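Contents: one structure, followed by commentary.
The values are calculated or read from the model by the stated rules, or taken from the named source; none is laboratory data. Computed from a predicted structure; not experimentally measured. Positions of Cβ are backbone-derived with ideal geometry, glycine not excepted, and every protein chain shown enters the neighbour counts.
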Amino acid sequence: MISIIVGTNRKNSETLRVAKYYQKTLEDRSEDCQILDLANLPHDFVYTALYGAQNEEFNTLVEQYIFSVEKLIVVTPEYNGSFPGVMKAFIDGWNPRRVFNKWVALVGVSSGRQGNARGMDDLTNVFNYLKINVIPIKPPMSQISDLLNENNEVADDGMKGMINMQLDLLLEK
Ligand SMILES: Cc1cc2nc3c(=O)[nH]c(=O)nc-3n(C[C@H](O)[C@H](O)[C@H](O)COP(=O)(O)O)c2cc1C
């Protein structure tokens with residue numbers, strides 16, 4: 001089982017559309033996966049689930065989508081030049097001893113030209129600090145409204161190839 005994390009709590013985000021594209025691509029390869037959209041976290045989790053506070057709903061989600069899987073795909077939009085704060089707060093709610101040695105594939109999404117390349121580097125630092133392995137291919141999905149068509153497909157062959165290479169590496173772990 002692979003968890004695909006939508007790294008924003010903005011409802012109906014472009015990032016969710018990209019996560020669904022990854023879900024379909026994995027299903028076409030007969031891989032099981034599940035999506036967690038951070039828009040569906042308990043809305044008060046920053047105050048009720050961090051620093052030792054216990055929020056049962058948050059704990060259940062983290063158990064199902066993070067601790068119980070070995071592989072993650074984390075899709076994050078570019079907000080002010082990096083990944084969204086809600087994603088960092090979500091990570092701050094994990095028990096670091098339960099994520100050691102997992103593998104993560106990163107995907108960046110932006111309306112601008114950078115495809116959240118810097119945010120993926122920032123996330124790489126955080127995940128490496130937690131001893132989570134990061135797949136070195138990190139698709140920067142820039143100008144997202146042109147990249148994903150209305151059927152939620154990536155038409156650009158270069159980007160498609162990069163995504164498939166990234167998934168090959170994740171799946172062989
Ligand atoms: C708070 C905020 C900050 C943003 N900052 C940037 C940015 O620094 N660079 C950029 O290219 N787009 C930026 N955007 C636009 C997003 O890239 C755009 O909304 C895109 O669709 C991905 O975000 P989404 O998944 O929320 O839809 C920002 C959007 C928000 C809501």
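General remarks:
- So LYS11, is it in a loop (DSSP other than H, G, I, E, B), within 16 Å of the ligand (Cβ to nearest atom) and closer than 30 Å to ASN151 by Cα: yes
- Of the residues making up the range 144-173, those that are within 21 Å of GLY81 (Cβ to Cβ), surrounded by 14 or more Cβ atoms within 10 Å (Cβ to Cβ) and either free of Cβ contacts under 8 Å to residues at least 24 places away in the same chain or not aliphatic (A, V, I, L, M) (or both) number 1.
- From the options SER30, SER3, residue that is in a loop (DSSP other than H, G, I, E, B), at pLDDT 95 or above and either away from the ligand (no atom under 16 Å from the Cβ) or in contact with a Cys (Cβ under 6 Å, 6 or more places away or on another chain) (or both): SER30
- Flag if LEU50 is in a helix (DSSP H, G or I) and either among the aliphatic types (A, V, I, L, M) or within 15 Å of VAL107 (Cα to Cα) (or both): no
- Counting only helices (runs of 4 or more DSSP H) that sit wholly inside the range 85-152, those with at least 1 residues that are at pLDDT 95 or above and among the small types (Gly, Ala, Ser) are 85-92, 117-129.
- Taking the conditions (1) over 23 Å from PRO136 (Cβ atoms); (2) over 14 Å from the mean Cα position of the chain (by Cα) in turn, GLY81 satisfies each one other than (1).
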